[in-house]
Amino acid sequence: MKIATTTGDYKLGCKNDIERIRELHRAGFRYIDLNMYCFTPDCDYMKDSWRDAVAELKNEADRLGIAFVQAHSQGGNPIKQNDEERVKFILDATIRSIEICALLGIKNTVAHPGMRKGIGKDEWFELNREFYKKLFPVMEATGVNVLTENSTAVNMGDKYFANTGKDMRDFLEFVGHPQLHACWDTGHGNCEGFSQYEQITTLGDHLYAIHYNDNQGEKDQHVMPYFGTLNHDEIINALIDINYKGYFTLECDSSLVPSNYWLYDRREFERDTRLAEPPLFIRRKLEEINYETAKYILSQYGLFEE
C-alpha cells in the first residue's frame, strides 16, 4: 500500500499548493491528496484562468516526481436551508474541484454530504441523493469518482448523518450510481467508539479511500497516529480482509494547532503575539515523523509500497 497525505498539512506556513507539495516532497511523500476544501469565490481555482493555475501545479509535481492520487472537494453544507447563495457556491466549487481532478489525473475525490436539523434517515437520503445527482454529469464526463464520507455525532450533534458502515452502504445502494463510493475517516470512527473493523468490512468493495487520523475519542482532532487512542491493528486488519486497493492516505492536518481553530482557540495575549502560531520548522519535523509512522504501520503487516 502506498502512503499519501493531504496538502492541508501545510495550510499553515505555505501560501499556495506549489509550496505545499514542495514541503510534502521534502518530508518523503510521493503521493498527494489535494485539499480543495476551502475554495473562495476569488481564489485562483475559481477564476477564469483556473486551468493555468492547475497546469503550473501539475508541472511542479512532475518536476518533483510526485503524483496527485486523491482529493477532497469543497466543504460546507450542500443541503443547508435559507442560504441559496452559499449552497450554489458549494455546488459550483465541487464541480470545479472534479474538473481539477480530471486535469491532474486524480480518480477519487471526497465530497461531503450535508445535514439538516430535525430530519431522519429517509429524508437525509433523499436530500443528499439530489445533491450528488447534480454532480453526475461532470463525474461521467471526466471519469472521476466521488466519495461520500462518514462523520461522527461529536461533530453533528443530534443531526442524522451516515456515520456507520451499514448506513453508508445503504445510502450508496439507494443512490445506485457506479461512480459514487465511500471514504472512511478513522478519526470520525474513533469518536463513535464502535468496532471500526465491522464498519470497514461492511463497506467492503464500496471503500475506495481512507482518511487516516487519530484522536482521543472525544473531539475530531485529526492528529497523527499514536497521538490518540485509535486501534491501528483493527483498521489494518479490516483493510486486508476487504482487499482494499486504495492509498493509505493520512489526514493529520491538525497535529499542530493554530491560534484560531474550529475546535478551540488559543487564549490571546494582546501585548505580544510572537508565539501565537506554530513555526514552520516544527511542522517540517512532524511531517517527517508522519511519513515514517505510516511506513512503520504498513511495514508491520508487510503492506508498505514505495
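The values are calculated or read from the model by the stated rules, or taken from the named source; none is laboratory data. Note that the coordinates shown come from a computational prediction; the quantities given were computed from them, not determined experimentally. As a convention, Cβ positions derive from the backbone with ideal geometry for all residues, glycine included, and neighbour counts pool all protein chains shown. Protein only, heavy atoms only, side chains kept; ligands, DNA and RNA dropped before computing areas. Shrake-Rupley method; radii C 1.70, N 1.55, O 1.52, S 1.80 Å.
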GLY246 vs. criteria over 22 Å from LYS219 (Cβ atoms), open to solvent by less than 30 Å² (accessible area, probe 1.4 Å) and out of contact with any helix residue (DSSP H, G or I) (no Cβ under 8 Å at 6 or more places or on another chain): yes
Residue in the stretch 5-20 that is in contact with an Asp or Glu (Cβ under 7 Å, 6 or more places away or on another chain), charged (D, E, K, R), in contact (Cβ under 8 Å) with a residue 60 or more places away in the chain and not in a helix (DSSP H, G or I) present: yes
Of residues in the stretch 253-306 being in contact (Cβ under 8 Å) with a residue 40 or more places away in the chain and acidic (Asp, Glu), the one farthest from LEU12 (Cα to Cα): GLU305
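Is it true that GLY143 is of a type in the set (Gly, Ala, Ser) and either under 19 Å from the mean Cα position of the chain (by Cα) or over 30 Å from ASN59 (Cβ atoms) (or both)?
So GLY143 fails the test.
Using the structure shown, decide if THR249 is without any contact (Cβ under 8 Å) to a residue 40 or more places away in the chain and outside any helix (DSSP H, G or I).
Values: without any contact (Cβ under 8 Å) to a residue 40 or more places away in the chain: no; outside any helix (DSSP H, G or I): yes.
No.
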Cβ pairs under 8 Å, 6+ apart, first in the stretch 97-120 and closer than 11 Å to SER73 by Cβ, second assigned to a loop (DSSP other than H, G, I, E, B) and open to solvent by 40 Å² or more (accessible area, probe 1.4 Å): CYS101/LYS107
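Examine the stretch 157-178 for a residue that is in a helix (DSSP H, G or I), touching a His at 6+ places or on another chain (Cβ under 7 Å), at pLDDT 95 or above and open to solvent by less than 40 Å² (accessible area, probe 1.4 Å), and state whether such a residue exists.
First, pick out the residues of the stretch 157-178 that are in a helix (DSSP H, G or I): 165-175.
Applying the additional criterion that residues be touching a His at 6+ places or on another chain (Cβ under 7 Å) yields 169, 172.
Okay, now just the ones that are also at pLDDT 95 or above, so 169, 172.
Then keep just the ones that are open to solvent by less than 40 Å² (accessible area, probe 1.4 Å); that gives 172.
Checked against the condition, which is being in a helix (DSSP H, G or I), touching a His at 6+ places or on another chain (Cβ under 7 Å), at pLDDT 95 or above and open to solvent by less than 40 Å² (accessible area, probe 1.4 Å), the stretch 157-178 yields at least one hit.
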Some residue of the stretch 76-99 being at pLDDT 95 or above, within 27 Å of LYS2 (Cα to Cα) and not in a helix (DSSP H, G or I): no
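Of these, THR186, THR148, THR229, which one is under 30 Å from ARG30 (Cβ atoms), surrounded by fewer than 18 Cβ atoms within 10 Å (Cβ to Cβ) and not acidic (Asp, Glu)?
Values: THR186 fails: surrounded by fewer than 18 Cβ atoms within 10 Å (Cβ to Cβ); THR148 fails: surrounded by fewer than 18 Cβ atoms within 10 Å (Cβ to Cβ).
Being under 30 Å from ARG30 (Cβ atoms), surrounded by fewer than 18 Cβ atoms within 10 Å (Cβ to Cβ) and not acidic (Asp, Glu) holds for just one of THR186, THR148, THR229, which is THR229.
Restricting attention to the stretch 191-205, which residues are open to solvent by 30 Å² or more (accessible area, probe 1.4 Å), outside any loop (DSSP other than H, G, I, E, B) and not β-branched (Val, Ile, Thr)?
Our first condition is that a residue be open to solvent by 30 Å² or more (accessible area, probe 1.4 Å); within the stretch 191-205, this holds for 192-195, 197-198, 201-202, 205.
The next check asks that each one be outside any loop (DSSP other than H, G, I, E, B); those that pass are 192, 197-198, 201-202, 205.
Within the stretch 191-205, GLU192, TYR197, GLU198, ASP205 qualify.
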Filter pass, PHE194 being under 28 Å from LEU298 (Cβ atoms) and of a type in the set (Phe, Trp, Tyr): yes
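Looking at TYR37, TYR31, which one is open to solvent by 50 Å² or more (accessible area, probe 1.4 Å) and either in contact with a His (Cβ under 8 Å, 6 or more places away or on another chain) or among the aromatic types (Phe, Trp, Tyr) (or both)? Write out each step before concluding.
Numbers: TYR31 fails: open to solvent by 50 Å² or more (accessible area, probe 1.4 Å).
Result: TYR37 is the single residue among TYR37, TYR31 that is open to solvent by 50 Å² or more (accessible area, probe 1.4 Å) and either in contact with a His (Cβ under 8 Å, 6 or more places away or on another chain) or among the aromatic types (Phe, Trp, Tyr) (or both).
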Filtered residue count, the stretch 110-132, keeping only those that are in a loop (DSSP other than H, G, I, E, B) and open to solvent by less than 20 Å² (accessible area, probe 1.4 Å): 3
The lone exception for GLU60 - which of (1) of a type outside the set (Gly, Ala, Ser); (2) open to solvent by 40 Å² or more (accessible area, probe 1.4 Å); (3) in a helix (DSSP H, G or I) it fails: (2)
